[in-house]
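This report refers to the structure that appears directly beneath it.
The values are calculated or read from the model by the stated rules, or taken from the named source; none is laboratory data. All values derive from a computational prediction rather than experimental measurement. Note that we place each Cβ from the backbone using ideal geometry, even for glycine, and neighbour counts take in every protein chain shown.
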Amino acid sequence: MIFRIKLRWWTSLIAAVLMWLVAWQVGGTAQLTGRLKSVEAAIGVGVMAGLACMVCNFLIDRALRIGFSQRYASRFEKFALDVIGRMRPLDALAGGLMAGVGEEPLFRGVLIPLCDPPVIGILVSAVVFGLAHYLRREYFGFLIWGMGEGLVFGSLFVLTGSLLVPAIAHGMFDFVGFLYFERIRDSSERQP
């Protein structure tokens, strides 16, 4: 569902503003730096976490390609093509902004503090996050992937107390991921 909103830059930006406003109204944007004390430190940790997410996803993708070979690869490519449609780099950038500015304040900044203990908040936000990224039954594995990503971003929020850390990690991850999906699409269009 959220993937569909990110297909166009303008829908991503509208959604980012609306999600941020909702989160702001209920206090979901208050913990910018948390225990890290400075914006610079939060940005640095966020960038490192975003890079770590990309490396982990790359390694998982490679392992699944080895373990399940062509079956996984063709499903992954079909999913990638379905997710991005005619998305272009500007759309990918806006989608990354939506992830960081809109999704993180809502999923982590609002949902996690509502639950006690925080581990329950991480689980709840991960499930809601996964469901929000669900497209359809044939891509059920990607629902599980979304929940896994939600666990990572939620854990980053709880461990650092900073909303900026998962926001930067998630924004980077989505932007680079969409560019990667665009590369898959463009290479498949060039094949005879």
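Across the range 57-74, what is the number of residues that are surrounded by 14 or more Cβ atoms within 10 Å (Cβ to Cβ) and either in contact with a His (Cβ under 7 Å, 6 or more places away or on another chain) or hydrophobic (A, V, I, L, M, F, W, C) (or both)?
Here the count works out to 1.
Could you please tell me which pairs satisfy a Cβ distance under 7 Å, a separation of 6+ or placement on different chains, a first residue in the range 132-160 that is free of Cβ contacts under 8 Å to residues at least 40 places away in the same chain and under 22 Å from Ser74 (Cβ atoms), and a second residue that is assigned to a helix (DSSP H, G or I) and basic (Lys, Arg)?
Once the first residue is free of Cβ contacts under 8 Å to residues at least 40 places away in the same chain and under 22 Å from Ser74 (Cβ atoms) and sits in the range 132-160, no partner that is assigned to a helix (DSSP H, G or I) and basic (Lys, Arg) comes close enough.
Table: residues versus (1) part of a helix (DSSP H, G or I); (2) touching a Phe, Trp or Tyr at 6+ places or on another chain (Cβ under 8 Å); (3) closer than 21 Å to Leu164 by Cβ.
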residue	(1), (2), (3)
Ala73	yes, no, no
Asp82	yes, yes, no
Leu90	yes, yes, no
Gly95	yes, yes, yes
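Among the numbered criteria (1) part of a helix (DSSP H, G or I); (2) hydrophobic (A, V, I, L, M, F, W, C); (3) farther than 21 Å from Ile14 by Cα, which one does Leu32 miss?
With (1) part of a helix (DSSP H, G or I); (2) hydrophobic (A, V, I, L, M, F, W, C); (3) farther than 21 Å from Ile14 by Cα applied to Leu32, the lone miss is (1).
So which residues in the range 12-29 are in a helix (DSSP H, G or I), touching a residue at least 60 places away in the same chain (Cβ under 8 Å) and either touching a strand residue (DSSP E or B) at 6+ places or on another chain (Cβ under 6 Å) or β-branched (Val, Ile, Thr) (or both)?
Val17, Val22
Report, by residue number, each residue of the range 103-135 that is under 12 Å from the mean Cα position of the chain (by Cα), under 16 Å from Val165 (Cβ atoms) and of a type outside the set (A, V, I, L, M, F, W, C).
Those that are under 12 Å from the mean Cα position of the chain (by Cα), under 16 Å from Val165 (Cβ atoms) and of a type outside the set (A, V, I, L, M, F, W, C): Glu103, Glu104, Arg108.
Any idea how many residues of the range 136-192 are closer than 14 Å to Gly100 by Cβ, assigned to a helix (DSSP H, G or I) and more than 15 Å from the chain's Cα centre (by Cα)?
The qualifying residues number 0.
Matching residues to (1) surrounded by fewer than 17 Cβ atoms within 10 Å (Cβ to Cβ); (2) within 17 Å of Ser155 (Cβ to Cβ); (3) touching a Ser or Thr at 6+ places or on another chain (Cβ under 7 Å); (4) at pLDDT 95 or above:
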residue	(1), (2), (3), (4)
Gly100	no, yes, no, yes
Phe107	no, yes, yes, yes
Cys115	yes, yes, no, yes
Ala126	no, yes, no, yes
His133	no, no, no, no
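Name the single residue, out of those in the range 75-90 being at pLDDT 85 or above and either over 12 Å from Tyr180 (Cα atoms) or β-branched (Val, Ile, Thr) (or both), that is surrounded by the most Cβ atoms within 10 Å (Cβ to Cβ).
Leu90
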